[in-house]
Amino acid sequence: MKKIIVLFMLTAIIQYSSSQYVFKPNYDEDKVPEYVVSNPLKTFQGKEVKTIELWENERRPELLDFFTQNVYGEVPSELAITSIEIVEQSADALEGKARRKQIELAFENNGKELRFKILLYLPKGIEKAPLFLGYNFYGNHTTINDPHIIISDAWSNNNASFGITNNKLNDQSRGLRTSRWCIEKIIDSGFGLATIYYGEVDPDKNDMTDGIHSLFYSEGQQAPASNEWGSIAAWSWGLSRAMDYFEKDADIDATKVIVFGHSRLGKTSLWAAAADQRFAAAISNNSGCGGAALSKRKFGETIWRINDSFPHWFCDNFKKYSNNEEQLPVDQHELLALIAPRPLYVASAEEDKWADPRGEFLSTYYATPVYELYGKTGIKKPDMPSVNNPIQNTVAYHIRTGKHNVTDYDWEQYIKWAKEQLF
Ligand code: GCU
C-alpha cells in the first residue's frame, strides 16, 4: 500500500514539474479553453443584483473581500503618514510652465521607518489642479528631463540600458524615460503629474523582509501571512498614502486624481482604484495577467507563470489558482467592476500578446453591466475595435499599434478622455 502511495506521489510530482518545464504561452485563439465568465451581478450565493444598494452593500464587498484575501492580499493595519517634508520646489519649472515640488512622506512603525518621494508638477494658473498619479520603474529622475529631480537611493533592479549594474540608480539614466510621460501635453492640458519610484515603497524582488511590509511585522516575522499583501498591494497602499497627502495640499484638486500605471504598475493602479474609492478614475496601460486580462483565457502569461516568475507580487493564497484557473469564483473583469461607476480606461498594444489584448478588452465588456447599473456607458459590444480606434465611454478601451510600452498616442487618448469624464 505504502509503495503504491509513494509511486502515485512520484508520478504526480514528475507530471507536475514536466508540465511546468514545457510551459509555452498559448497565442492561438482557437486554443483558448472554454471558460465560464462569472456574473458580476450575481452574488456567490446566486442572488441577482439588480439595484445599486445590493451591489454596494453585498456584492461589491464580497468581491472586494475575495480579491483582498485571495489575490492581492490584505494590508495588515492602518498606518498614517508620520511626517511630510517638501524637500525641493520651484515656481519656475519646465521653462516656466509649471511648478515643481518634491515631497517626502515618512512612515514609522515597530521601530522602523520608510520614506518615499512624490515628484509633482502642477500647471501654472490653475488654482486646484486635477492630477495624473503613477509610479515609475527606474526613478523619478528618469521620467522628466530636469536636473533638479532627486535621484533615489532605494534598491533597483539592474538594467544595463539605464546604467544600473549594482542595484543603485544613478545620473546616467536622467531623462531616459521621458517618452513614457508626455509631461508637456499633460501640463498644457491643465493637468498636474505626480510620480513616485515604486522601489521606494517596496523593492521589486522576492524578499519580503524589506520595504513597507517590514514595518508591520511582529518580532521574528519575515514574510506576510498567506492572505496578506504582496508587492502589488504594497505599491497600491503607497498610492493611497500619496492621496492622503494630496488631500492636504491646497494646490491639488484631490477629487480629480486619476491613477495611472503601465504593466505591473497598471495591475497596481487597478487594485489601488478598486481598494480606494477616493481615486476619481483609473488607467491600466498594458496591465495583462493579474491586471485587466481575463485569467481564465490562459492566453499569454498565466497565473502559474506569473506566480512562478514573480512570487512576491500577489498574496500566497493566489498560488492556489496556479494551473487551476477554473476554481476561481471570479475573474479580472470583476476587479474592473469594483472601480464602477468611476471612469476606467484599459489600453492594450497590438504586439503585446503576452498581456492578452483580447482578454483585456473582454474584461471591460464583462464589467460593463455594473457601470450600466449606475446609468453609465461602458463597452457595449464584445467585438474588439480595430487598432488606433478608441472607444471612449465611462469605460474606455483602445488597442494601439506597437509594443508593450507607454507612448504619446496612449497619453493623448488618456488626456482627452479624462477631460471629458472629469469636467
Ligand atoms: C513581465 C510580467 C508581466 C508584467 C511585466 C511588466 O513581463 O510577466 O506580468 O506586466 O513584466 O511589468 O513589465
Check whether at least one residue in the range 253-266 is in a helix (DSSP H, G or I), open to solvent by 10 Å² or more (accessible area, probe 1.4 Å) and within 15 Å of the ligand (Cβ to nearest atom), and report yes or no. yes
Here are some conditions: (1) in contact with a Gly (Cβ under 6 Å, 6 or more places away or on another chain); (2) open to solvent by 70 Å² or more (accessible area, probe 1.4 Å). Ala154 meets all but one. Which one does it not meet? (2)
Can you say whether Phe314 is hydrophobic (A, V, I, L, M, F, W, C), open to solvent by 10 Å² or more (accessible area, probe 1.4 Å), touching a Gly at 6+ places or on another chain (Cβ under 9 Å) and part of a loop (DSSP other than H, G, I, E, B), as far as the supplied structure shows? no
Just the residues that are of a type in the set (Asp, Glu) and crowded, with 19+ Cβ neighbours inside 10 Å, please, taken from the range 324-381. Asp331, Glu334, Asp352, Asp356, Glu360
With the structure loaded, tell me whether Ala242 is closer than 23 Å to Ile86 by Cβ, small (Gly, Ala, Ser) and open to solvent by less than 10 Å² (accessible area, probe 1.4 Å) or whether it fails that test. yes
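Within the range 296-306, work out how many residues are more than 11 Å from the ligand (Cβ to nearest atom), in a helix (DSSP H, G or I) and open to solvent by 10 Å² or more (accessible area, probe 1.4 Å). First the steps, then the outcome.
Looking only at the range 296-306, we keep the residues that are more than 11 Å from the ligand (Cβ to nearest atom), and these are 296-299, 304.
Still in the running and in a helix (DSSP H, G or I): 296-297, 304.
Next, only the ones that are open to solvent by 10 Å² or more (accessible area, probe 1.4 Å) stay: 296, 304.
Here the count works out to 2.
Only one of Ala250, Ala194 is closer than 19 Å to Ile126 by Cβ, more than 16 Å from the ligand (Cβ to nearest atom), in contact (Cβ under 8 Å) with a residue 12 or more places away in the chain and assigned to a loop (DSSP other than H, G, I, E, B); which? Walk me through how you get there before you give the answer.
Working: Ala194 fails: assigned to a loop (DSSP other than H, G, I, E, B).
Going through Ala250, Ala194 in turn, the sole match is Ala250.
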Of the conditions (1) open to solvent by 50 Å² or more (accessible area, probe 1.4 Å); (2) outside any loop (DSSP other than H, G, I, E, B), Trp55 satisfies every one except a single condition; which number is it? (1)
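Between Lys112, Lys124, Lys101, Lys128, which is basic (Lys, Arg) and crowded, with 16+ Cβ neighbours inside 10 Å?
Numbers: Lys112 fails: crowded, with 16+ Cβ neighbours inside 10 Å; Lys124 fails: crowded, with 16+ Cβ neighbours inside 10 Å; Lys128 fails: crowded, with 16+ Cβ neighbours inside 10 Å.
The match here is Lys101.
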Hits in the range 267-291 (condition: near the ligand (Cβ under 9 Å from one of its atoms) and in contact with a His (Cβ under 7 Å, 6 or more places away or on another chain)): Asn286
Which of the helices (runs of 4 or more DSSP H) contained wholly in the range 328-423 include at least 3 residues that are more than 21 Å from Phe67 (Cβ to Cβ)? 357-373, 408-422
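The values are calculated or read from the model by the stated rules, or taken from the named source; none is laboratory data. Please read all numbers here as calculations on a predicted model, not as lab measurements. Every residue, glycine as well, gets a Cβ built from its backbone with ideal geometry; the counts of neighbours run over all protein chains shown. Surface accessibility is based on the protein's heavy atoms, side chains included, excluding ligands, DNA and RNA. Shrake-Rupley method; radii C 1.70, N 1.55, O 1.52, S 1.80 Å.
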